[in-house]
Every structure is written in structure tokens, then in C-alpha cells.
Amino acid sequence: MRSNVDPEKLEQLMDILGREARGSGSIYFTGGASALLIGWRSSTVDVDIRLDPEPPGIFQAIAKIKQDLNINIELASPQDFLPPLPGWRERSVFIGKKGQIYFYHYDFTAQALSKLSRGYDRDINDVQSMFEQGLFSLANLRDCFDAIEPDLIRFPSLNPDALKSRVENFIEQAEQTQAEGPS
């Protein structure tokens, strides 16, 4: 079993990937990695990434890092579970550059929709944290869901009606909380 990842290990991972990759590319962090870097969690079990475009030599670097830092690295992003959202690259947030590698937070609207699709308490709490920190807007969440809704049928493990209900409930509760103002 691998150890949990904290912000320090995540920074080490970025440094090593930037040093070890043999060419340029981009790495998009999702889930717990984004939570660590932004600060609404202190640790995560694994680091979920999307490579786009894939940096040359990155898989050799990942294999080395998994052993050296004793961490889990998974190739996973919202578009593995949902249709890709239009404009996800433009909404992804730049973190920094290490060597020839550009690091980003994968589009927070897509992360929110992906977490709402799973519906676990921790995921819902993450969506709430992202929203409270202004990382996505309710209008964008609604518009992006509407844009991908016709393609949800391509993801048989998803229940489109359940996802739509979770999205609508989240938006309704967030709007209600905003209307009530600070307590």
C-alpha cells in the first residue's frame, strides 16, 4: 500500500516530472491533487492526471516516481467518466511550468460535474469547496451539463437522470445559500 500524498510530495512529483520528461507536454491534475494545491484538503490517496499532449518519456518518469515517492498515480480525468466539456482546456487553470512540462488544474466545472456524477459525500463536499472558492460558476455548471447531456448515453455506467437531479439540486441549494447571504 502506498502512502498518502501531501502538498510537499505533490510539489516533488511536479519537480521530478519536469526534470525527467524528455520533451514538452501538459499534465492536468484532477480531484485530490487539485484539492491539495488549492488547500481544501491536506492529503489524498492518489494523484489523478490527464496527459494532453503526452510528454515524451513521461511513463518512465511516472514509474520511477511511484517507487521513489511511494505514491499512487492514476491516469484519470473527468472525460474518462463524462463526455468532454466544450472549452475544458480554456477553463483549465495554469499552475506552473517545470522543465518542459506545463501543469494545470483540469477544468473545475468538469471536475464538479464528474464528482456530482459519482455522488459520494466526499465528492459533494469537494464540489461545495470548489464553488465556495469561486472555481466555477453555477451558470457554467448548468450550461456545460446541458451541452453534454445528449452524449451521456455513451457512458452506460452513468444514470443521466440521477446526474441531472444532482446538478439541479446542487445549483438550487447554492442559489438558496447565496440568497440568504452570510450568517
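For the reader, a short list of remarks on this structure follows.
- Hits in the stretch 35-54 - residues which are among the charged types (D, E, K, R) and in a loop (DSSP other than H, G, I, E, B): Arg41, Asp52, Glu54
- Residue ID - surrounded by the fewest Cβ atoms within 10 Å (Cβ to Cβ), chosen from residues in the stretch 126-152 that are outside any helix (DSSP H, G or I) and touching a helix residue (DSSP H, G or I) at 6+ places or on another chain (Cβ under 7 Å): Gln133
- Residue check for Glu168: touching a helix residue (DSSP H, G or I) at 6+ places or on another chain (Cβ under 8 Å), at pLDDT 95 or above, in a helix (DSSP H, G or I) and under 22 Å from Tyr120 (Cα atoms): no
- Across the stretch 92-101, a minimum of one residue is classified as open to solvent by 20 Å² or more (accessible area, probe 1.4 Å), out of contact with any Phe, Trp or Tyr (no Cβ under 9 Å at 6 or more places or on another chain), in a loop (DSSP other than H, G, I, E, B) and within 26 Å of Gln12 (Cα to Cα).
- Answer residue from the stretch 114-128, given it is more than 15 Å from Glu172 (Cα to Cα) and at pLDDT 95 or above and is farthest from the chain's Cα centre (by Cα) among those: Ser117
- Residue ID - farthest from Asp151 (Cα to Cα), chosen from residues in the stretch 79-90 that are open to solvent by 60 Å² or more (accessible area, probe 1.4 Å), part of a helix (DSSP H, G or I) and out of contact with any Lys or Arg (no Cβ under 9 Å at 6 or more places or on another chain): Glu90
- The set of residues from the stretch 167-183 being in contact (Cβ under 8 Å) with a residue 24 or more places away in the chain and surrounded by 12 or more Cβ atoms within 10 Å (Cβ to Cβ) comprises Val167, Phe170, Ile171, Ala174.
- Selected residue [open to solvent by less than 60 Å² (accessible area, probe 1.4 Å), under 28 Å from Ile148 (Cα atoms) and either without any contact (Cβ under 8 Å) to a residue 40 or more places away in the chain or under 16 Å from the mean Cα position of the chain (by Cα) (or both)] from Ala63, Ala76: Ala76
- Matching residues in the stretch 88-123 - criterion: being touching a strand residue (DSSP E or B) at 6+ places or on another chain (Cβ under 9 Å) and of a type in the set (Gly, Ala, Ser): Ser92, Gly96, Ala110, Ser114
- Among the residues of the stretch 1-34, those identified as part of a strand (DSSP E or B) and either within 26 Å of Ser117 (Cα to Cα) or touching a Lys or Arg at 6+ places or on another chain (Cβ under 7 Å) (or both) are Val5, Ser26, Ile27, Tyr28, Phe29, Thr30.
- Residue pairs meeting the criteria (Cβ under 6 Å; at least 6 apart or on separate chains; first open to solvent by 10 Å² or more (accessible area, probe 1.4 Å), in the stretch 107-125; second at pLDDT 95 or above and in a helix (DSSP H, G or I)): Ser114/Pro78; Lys115/Val127; Ser117/Leu163; Gly119/Arg166
- Selection within the stretch 153-165 - open to solvent by 90 Å² or more (accessible area, probe 1.4 Å), closer than 21 Å to Trp88 by Cβ and not in a helix (DSSP H, G or I): Ser157
- Among the residues making up the stretch 118-156, those that are acidic (Asp, Glu) and over 18 Å from Trp40 (Cα atoms) are Asp143, Asp146, Glu149, Asp151.
The values are calculated or read from the model by the stated rules, or taken from the named source; none is laboratory data. All figures in this text were calculated on a predicted structure; none of them were measured in a lab. Note that we place each Cβ from the backbone using ideal geometry, even for glycine, and neighbour counts take in every protein chain shown. What goes into the accessible areas is simple: the full protein's heavy atoms, side chains included, and nothing from ligands, DNA or RNA. Shrake-Rupley method; radii C 1.70, N 1.55, O 1.52, S 1.80 Å.
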